[in-house]
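The next block holds one structure in the form of structure tokens; read it before the comments.
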Amino acid sequence: MNDISPRERLLRVLDGKTVDRAPVICPGGMMNSATVDVIEGCGFTFPEVHPDAAAMTKLSAAVEEKTGFENFGIPYCMTVEAEVLGSEIDFGNATCEPKIAKERYASTADVVVRDIKELLQEGRIEAIARAGQNMAEKNPDVPVIGSLTGPVSTAASIVDPMTFLKELRKDKANAHRVLDYVTDFLIGYAEVLIESGFPVITIADPTATGEILGPKMFGDYAVPYLNRLVDAIHERDARVIVHICGKLDAVKKHIPALHGDAVSTDAMVNLQALKAECGVTVMGNVSTFALQLQTPDVVQRVTENIVSKGIDIIAPACGLSTTTPVENIAAMTGTVKNHY
């Protein structure tokens, strides 16, 4: 068990099996760990990395080496899906990740359903798949994690988000039509990644929270579409981590119904209690504020506290600031590896 590889350790945890210690990972996407400190010295910067498979491969190797995270995680943003589905993207700068500049549609009724196979040939999907394949071939013992934006958040990134949220109540037929469409697309995107060597997919759905949707719409919209996506990924023999943002109090009753292999949460959630109450494998939740603003000593104490509670997978609680000092990240990962 002592010579277990990072890939086997993570897969065993997600399969509910015994391991020597918790993995310490950062899955990419919303939890991008390619910070300014890490990128420095790589020979390129954001945003030129985002569409370049070779640059992503090199940068991911630097992330693993400098931070100590036990995985590769791409992409480095949450805009891949929205770009393919027609929204305008601001690709940011050296310190800022890409973001949505303008949603493609004003209303769910306006959304034009396109052929999924054609969509999968567009945008950065091929580059991300090729980068993941390169990483998997060069480093078979390190898991490559592909990060997807969840169905509700993807829908809210192609339709004006305020209108989309209103139409979840007022135009349910078109809201479901759009969610069916984006979920079909996400399943196709996940298939491309899995076929390229990604054994784990993380789904972050920051619009699908109890604080934004409330418990009823979380149950009506978030859970069924997340589960359809998770089930399709499981059919292709990959594992799934689902990240839920914000407080869980309003939607905790729905957590056991999620089909993911692990649930990741924000720092304010008591993961020990969540694990006990819901019977789920949990991931998290080292404060990203501590990681960005505190010293390595403080980060070490915060991490030790989480590890001591028996959390299954140690990871940042949410999205890391690109200005997070690499010394703080290394303090977090080193604490996990040295704790046992």
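General remarks:
- Any hit, the stretch 51-68, residues being in contact with a Pro (Cβ under 8 Å, 6 or more places away or on another chain) and closer than 25 Å to residue 140 by Cβ: yes
- Some residue of the stretch 275-284 being out of contact with any Cys (no Cβ under 8 Å at 6 or more places or on another chain) and within 15 Å of residue 33 (Cα to Cα): yes
- Filtering the stretch 321-340 to residues that are within 21 Å of the chain's Cα centre (by Cα), under 30 Å from residue 17 (Cβ atoms) and open to solvent by 10 Å² or more (accessible area, probe 1.4 Å) leaves only 330.
- Residues in the stretch 195-210 that are touching a helix residue (DSSP H, G or I) at 6+ places or on another chain (Cβ under 7 Å) and not hydroxyl-bearing (Ser, Thr, Tyr): 197, 198, 199, 200, 201, 203, 205, 206, 208, 210.
- Among the conditions (1) hydrophobic (A, V, I, L, M, F, W, C); (2) without any contact (Cβ under 8 Å) to a residue 24 or more places away in the chain; (3) under 24 Å from residue 206 (Cβ atoms), the only one that residue 317 does not satisfy is (2).
- Residue identified as open to solvent by less than 20 Å² (accessible area, probe 1.4 Å) and more than 30 Å from residue 177 (Cβ to Cβ) among 13, 36, 19, 111: 13
- Here 223, 269, 230 are screened, and the one residue that is modelled with pLDDT of 95 or more and assigned to a loop (DSSP other than H, G, I, E, B) is 269.
- For residue 291, the stated conditions hold: it is within 19 Å of the chain's Cα centre (by Cα), assigned to a helix (DSSP H, G or I) and surrounded by 15 or more Cβ atoms within 10 Å (Cβ to Cβ).
- Tabulated pairs, the stretch 280-302, first within 13 Å of residue 326 (Cα to Cα), second hydroxyl-bearing (Ser, Thr, Tyr) and open to solvent by 60 Å² or more (accessible area, probe 1.4 Å), C-beta under 9 angstrom, 6+ apart or interchain: 292/323
- Scan of the stretch 83-108 for residues that are charged (D, E, K, R), without any contact (Cβ under 8 Å) to a residue 60 or more places away in the chain and open to solvent by less than 70 Å² (accessible area, probe 1.4 Å), ordered by number: 83, 90, 103
- Residue 312 buried (at least 19 other Cβ atoms within 10 Å of the Cβ), at pLDDT 95 or above and in contact with a Lys or Arg (Cβ under 6 Å, 6 or more places away or on another chain): no
- Of residues in the stretch 194-216 being open to solvent by less than 20 Å² (accessible area, probe 1.4 Å) and not in a loop (DSSP other than H, G, I, E, B), the one modelled with the lowest pLDDT: 210
- Matching residues in the stretch 169-193 - criterion: being free of Cβ contacts under 8 Å to residues at least 40 places away in the same chain and either surrounded by 20 or more Cβ atoms within 10 Å (Cβ to Cβ) or basic (Lys, Arg) (or both): 170, 172
- Matching residues in the stretch 52-95 - criterion: being under 23 Å from residue 9 (Cβ atoms) and in a helix (DSSP H, G or I): 57, 60, 61, 62, 63, 64, 65, 66, 67
- The stretch 233-246, subset assigned to a helix (DSSP H, G or I) and either in contact with a Pro (Cβ under 8 Å, 6 or more places away or on another chain) or open to solvent by 10 Å² or more (accessible area, probe 1.4 Å) (or both), residue farthest from residue 6 (Cα to Cα): 235
The values are calculated or read from the model by the stated rules, or taken from the named source; none is laboratory data. Computed from a predicted structure; not experimentally measured. Here the Cβ is made from the backbone with ideal geometry for all residues, glycine too, and neighbour counts use every protein chain on show. Note: areas computed on protein heavy atoms with side chains; ligands, DNA, RNA excluded. Shrake-Rupley method; radii C 1.70, N 1.55, O 1.52, S 1.80 Å.
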